[in-house]
Amino acid sequence: MSETASAGPGAARGLEVRDLVVRYAATGPAAVDGVSLAVADGVLALLGPSGCGKSSLLRAVAGLEPVAGGDVRWDGASVVEVPVHRRGFGLLFQDGQLFPHRDVGGNVAYGLEGPGDARPSRATRRARVAELLELVGLAGFADRSVATLSGGERQRVALARALAPRPRLLLLDEPLSALDQGLRERLAEDLRAALAATGTAAVLVTHDQDEAAAVADRVAVMSAGRLLQVGTPTELWRSPAGPEVAAFLGFEAVVPRAVLGAGDAATVALAPGALVVASSGAGTTDGRVVRVRARRGRTEVLVSVQGLGVVTAAAPVGWTGSVGSSVPLVVDPDRVVPVGARSATG
Amino acid sequence: MTLREETAAPPLPVGVPSASPPAGVPAARARAARRGPAQGRGPRPSLAQVLGWTVAVLVPLVVLGMFFAWPVVATVTRGFVADGALDLSGFGDVFARPRTWRVIRQTLLQASVATVVAVGLGVPGAYVLHRCRFPGRDLVRALVTVPFVLPTVVVGVAFRSLLVEGGPLGFLGWDGSLAGIVAALVFFNYAVVVRTVGGTWAQLDERPAQAARSLGASPGRVLRTVTLPALAPAIASAASLVFLFCATSFGTVLVLGGLRHGTVETEIWIQTVQLLDLRAAAVLSVVQLVLVASVLLVAGRLRARRERALPLGTRRASERVLRLRRVPGTPRGEGRGGDVAAVVVTALTVVALAVPLVNLVVRSLRVGEGWGLAHYRALARRADGMPVSVLDATVTSVRAALDATVLALVVGVLVALVLSRRPRAAVGRRAVSVLDAVVMLPLGVSAVTVGLGFLLALHRPFGLDLDLRTSPLLVPVAQAVVAVPLVVRTVLPVLRSVDPRLPQVAATLGAGPGRVLRTVDGALAARAGGLAVGFALAASLGEFGATSFVARADAPTLPVMVYRLIGRPGAESYGQALAASVLLAVLTAVVIAACERLRAPGTVSDW
């Protein structure tokens, strides 16, 4: 869609969400409470715990939920009143939602069969279907019944179907959550590759930080309907905006730096393994061993530290210690990050 | 909250007031979503959309209003109003007759006994035919279903030829007795219990029963304390349906019971056609309306409870291979005694179901002292005192049934489409639920009431100098009114089971509302379409209650013809009645079988 008269001087390219509010009831808290963000290209992940409003935000952008306040714009023009099927925003659900009465090829071709002059010829459609099935690694599946597909294959078909009409934006609603771990990691890579190959801008909703980091160029962390922080994965993990973001990103404790023995009063967050059991006798602090466990072949020690609570400490190879004993700990500075010192966002 | 809940919460399946929210949706959120006129901006429906849905709502309302609501209102009015003033003397008069109380008692007694027997036989049948696996099961299931799709007149004739003096079971002395009628009603309704209860049983999660066993319960105690309580809503729902079908049974009772064992239904007919007391008939119709409405209310409640109680195990996983002897390596005392009892009961029932059918065919071939096709050949000739030949009546029937099916499909599919919508606005949702209740009414109101209503309402309709009562269109219209609820109940569950996100996906792929309706909802509903056509066609072909009021004397339908023939003395007429019954039964069975083949797997119908 070309820019229209309503595109003001500050009009952004691509998707722009301004102060968006989504409500399911006239009273009560809003599911999305004044969120603003922009996506021009690349993939933006909306990361947040269940019920934080990320799916509602996505559905409002798609046109599936009414907008109670704020605006959704594309290239500077509001699309709030544009019907879902004219927005050109593709959508991929968690469980694919393939049409059960169409075969794989029929599903992928659905978005190419619209009425009007824009409808490509039969041969073109068939070529496009083949091209997309090839892209998602399902070449030759066109005549298969969707009932015979595995969970991963279904999601691949759904992805091919969503990409076929060349959407200007792809909305991905937890597309990998229904799959098991190994498949999820492999499909995340394939998803990223497919989006890059087609040059499609996308918004990915997920509650899985690894998935967000693997697929997205930028990550937006949401909680209780509000946007807490937007940044690249690196920025996010290097400098979470607050204790809530830090906790959601997997940091174990948020404390003044002074607690770690030396330093100022600035707040820092500790990633798992920020403390290491000292191999020599001296440590900067002491902890009491709560539990010793093995994780992927490495030894982890849950230690209780004064002022920190229970955190995970890394142990050197071959370390043995008994529960209840006191161990010296040193700080791994790479795993301690400042909190609240906001870096560039957006 | 998972993603599924987030996306499923807003478009609740509204319009079903009794439906529970999808599993997992927090109650507060569900309530909010149901209440919520979530004010906000968004795309507005186009003019074409508004017009289309308006037509879709108006067409069924006008058709059902004219040919159902109005006749029923005319009937009720006739009972309450005389010379323009409220007058309850008609009620006093009718209720002062001992005959009235006798038919009411008779109706309740017949329906109660038949319901108890049908449930008693049907529950073991449901277990054997739906929970167990054995070779030939599908065949037995199909055989069990046959009686339910047979026209009621045919059932009556089949039992009469069985129980009549000189018939194979004449020695029982059941001809024209309560026992004979109850047997016929059970024959007709056994499949209702088997399919309703069996559908639930087949999906019942086996793990609670296994947990009970590991806690020390014997197979008998598990059945009593775990399995039957889980099935109770389904059994109650089936029982109320059977009671409804029995209490409104007309053709079967009329053929078997004659005047001695009349029910409210047959009494309405006798008062109208033989005694010409329209007022008494109208009063009895009101009685029947109250009776049916009460049963429907109970049935609706039980149905809702059953739907809430359902989401169970997966289909295949719960079935088990039927073994009557212990296989080495399995423990003793696994309740095989119960299995044996259920199998014996079911086997005897299946044989008992086959006897009347086989007997009907055999008897129709009996000519004098020998055998032959004379009765069938006579179907093409007009008998003395009859306006047309049976073959002509068959042509009339088929034509009327085709017209009725087209009308019922148009109205029924429109209704199902509208009822499957999930409007966002509270007003829209309320409108859908009201329409839902309105179109289900014809299912409950007896066909005889519809027929009588036609007679009362369509004479000088709206004060016009017209008499629609002799219009040949009346028969298909009456049949369509009776068939519409069948169509709705076949198509609607399929439409309602479409995941709300499927149309949403189609929209994001660029499909407009019309194309979504056609390529998603429509394409999926078409799978149930074949079955809907079959039900509508079969119901119209065999329709007797309403048709017996409105069929013109010179153009009877096949069921009406059968009834006339069986009522005439003489071996000739009797033989012809049997042959005509076989013809009607075969026609119906062929229609159902053909349409059942068109049905896509996974669309299970529930009566």
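Every read-out reported here was derived from the displayed coordinates using simple, explicitly stated rules and does not represent laboratory data. As the structure is a computational prediction, the values presented were derived from the model and not from experiment. Every residue, glycine as well, gets a Cβ built from its backbone with ideal geometry; the counts of neighbours run over all protein chains shown.
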Rounded to the nearest 500, what is the 222 nm mean residue ellipticity of chain A from helices alone, with -39500 (n - 2.57) per DSSP H run of 4+ residues and division by all residues?
-7000 deg cm²/dmol
A:H101 paired with B:F91, simple spin-label distance in nm, labels 7 Å along Cα-to-beta-carbon:
4.9 nm
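For a protection proxy built on the mean count of beta-carbon atoms within 10 angstrom, sort A:167-175, A:12-20, B:107-115, B:577-585 highest first, please.
B:577-585, A:167-175, B:107-115, A:12-20
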Which value, in Å³ per residue, describes the convex hull spanned by the Cα atoms of the range A:15-238?
127 Å³
If r is the Cβ-Cβ distance from A:E131 to A:A193 and R0 is 22 Å, what FRET efficiency results, to the nearest 0.05?
0.90
10 Å Cβ neighbours from other chains, averaged over peptide B:61-67:
0
So for each of B:526-538, B:507-519, A:295-307 I average, over its residues, the number of other beta carbons within 10 Å; can you give me the resulting order with the highest mean first?
B:526-538, B:507-519, A:295-307
Most packed first (mean Cβ within 10 Å per residue), the peptides A:53-63, B:546-556, B:404-414 order as A:53-63, B:404-414, B:546-556
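If neighbour count is taken as other Cβ atoms inside 10 Å, put B:Y376, A:Y24 in order from fewest to most.
Working: B:Y376 19, A:Y24 22.
Fewest to most other Cβ atoms nearby, the residues stand as B:Y376, A:Y24.
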Neighbouring partner chain Cβ atoms per residue of B:511-518, average, 10 Å criterion:
3
In whole angstrom, note down how far apart the Cα centers of the range B:539-563 and the range A:202-259 are.
75 Å
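When the Kirkwood radius is taken over all Cα pairs of the protein assembly as shown, what Stokes-Einstein diffusion coefficient follows at 20 °C and 1.002 mPa s, in µm²/s?
Estimated via Stokes-Einstein, D reaches 65 µm²/s.
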Between the range B:216-230 and the range B:335-406, what is the separation of their alpha carbon centroids in Å?
41 Å
Which whole-angstrom value gives the distance between the alpha carbon centres of the range B:37-76 and the range B:492-526?
20 Å
Of A:P328, A:V303, A:A258, which is farthest along the charge dipole of the range A:254-338 in the positive direction, counting Lys and Arg as +1 and Asp and Glu as -1 at C-beta?
A:V303
On the formula 1/(1 + (r/R0)^6), with r taken between the Cβ atoms of B:R320 and B:S497 and R0 of 30 Å, the FRET efficiency rounded to 0.05 is 0.65
Across B:393-402, the residue-averaged tally of Cβ atoms belonging to other chains within 10 Å stands at 0
So, counting K/R as plus one and D/E as minus one, what does the shell of residues with Cβ under 12 Å around A:T232 add up to?
0
Nearest 20 debye, what's the magnitude of the dipole of the protein assembly as shown about its Cα centre given +1 on Lys and Arg Cβ and -1 on Asp and Glu Cβ?
1400 debye
